[in-house]
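The structure under discussion appears below in the form of structure tokens.
The values are calculated or read from the model by the stated rules, or taken from the named source; none is laboratory data. Because the structure is a prediction, the values reported are computed rather than measured. Cβ coordinates were reconstructed from backbone atoms using ideal geometry, including for glycine residues, and neighbour counts include every protein chain displayed. What goes into the accessible areas is simple: the full protein's heavy atoms, side chains included, and nothing from ligands, DNA or RNA. Shrake-Rupley method; radii C 1.70, N 1.55, O 1.52, S 1.80 Å.
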Amino acid sequence: MARLSHKTGVEEKGQRTARSTDVYLPKEGMEVSWCKKCGIIYRQKRWIMDPAELEQVKADPAAGTMVCPACQRMRDNVPGGVVTFSGEYLNKHEEEILDLVKNIEAKSRAKNPLGRIMEIRQEGAVLTVSTTEDKLAQKLGRDIFRSHKGDLHFKWSEGENFVRVDWKRD
């Protein structure tokens, strides 16, 4: 009878690798911390946005301060996703699409405070939205596609948490 090996995530020298290679994730050992730029709280490996709880955490001397991954990405100008909207349809419905993008981000941020829009840029007939999270970029593309149809394409990068989303409708 053969033995099954359940070793996953093992490097060549037999050392365990980190679960994620994302340099923007917080280091181990941080019990309770809060971001000194945006005020979100890191507790039990989760990020939450709660103004009432933030005041309690700030008053706790054991709580640390840090800069959250979203603020770090914004500071370094390293997006997790880029969504590009283009086509004749965009020119006619630009305000509606921008409102929908902002509403999607607000709803998403309630669940995941790290998912934010970094920048919205208009270059000619192309609207580009940079996000801090790849999942938010995917959601923006899918939701605009659901409500306005068109052509939607995703391009993921190898080994990184980055996606390029292209939406077009003529």
All conditions in (1) buried (at least 19 other Cβ atoms within 10 Å of the Cβ); (2) hydroxyl-bearing (Ser, Thr, Tyr); (3) at pLDDT 95 or above are true of Thr128 except (1)
Worksheet item: In this structure, does Pro69 turn out to be open to solvent by 70 Å² or more (accessible area, probe 1.4 Å) and either in contact with a Ser or Thr (Cβ under 9 Å, 6 or more places away or on another chain) or more than 23 Å from Glu105 (Cβ to Cβ) (or both)?
Response: no
Every listed condition ((1) over 20 Å from Ala70 (Cα atoms); (2) in a strand (DSSP E or B); (3) of a type in the set (D, E, K, R); (4) in contact (Cβ under 8 Å) with a residue 24 or more places away in the chain) holds for Arg164 save (1)
Of the residues in segment 48-104, those that are small (Gly, Ala, Ser), farther than 14 Å from Thr131 by Cα, in contact with a strand residue (DSSP E or B) (Cβ under 8 Å, 6 or more places away or on another chain) and modelled with pLDDT of 90 or more come to Ser86, Gly87
Test Glu96 against the criterion of being open to solvent by 20 Å² or more (accessible area, probe 1.4 Å) and over 27 Å from Cys35 (Cα atoms), and give yes or no.
yes
Answer yes if at least one residue in segment 125-136 is free of Cβ contacts under 8 Å to residues at least 40 places away in the same chain, assigned to a strand (DSSP E or B) and farther than 18 Å from Val78 by Cβ, and no otherwise.
-> no
Picked from segment 79-93 (must be open to solvent by 20 Å² or more (accessible area, probe 1.4 Å) and in contact (Cβ under 8 Å) with a residue 40 or more places away in the chain), the residue farthest from Ile41 (Cα to Cα) is Glu88
Pairing a residue in segment 101-112 that is within 17 Å of Leu90 (Cα to Cα) with any residue that is of a type in the set (A, V, I, L, M, F, W, C) and assigned to a helix (DSSP H, G or I), where Cβ atoms lie under 7 Å and the two sit 6 or more apart in sequence or on different chains, gives Val101/Leu140
Looking across segment 99-125 at residues that are closer than 30 Å to Lys45 by Cα and small (Gly, Ala, Ser), the single one that is surrounded by the most Cβ atoms within 10 Å (Cβ to Cβ) is Gly115
Within segment 76-119, restricting to residues that are of a type in the set (Gly, Ala, Ser) and outside any helix (DSSP H, G or I), the one that is nearest to the chain's Cα centre (by Cα) is Gly115
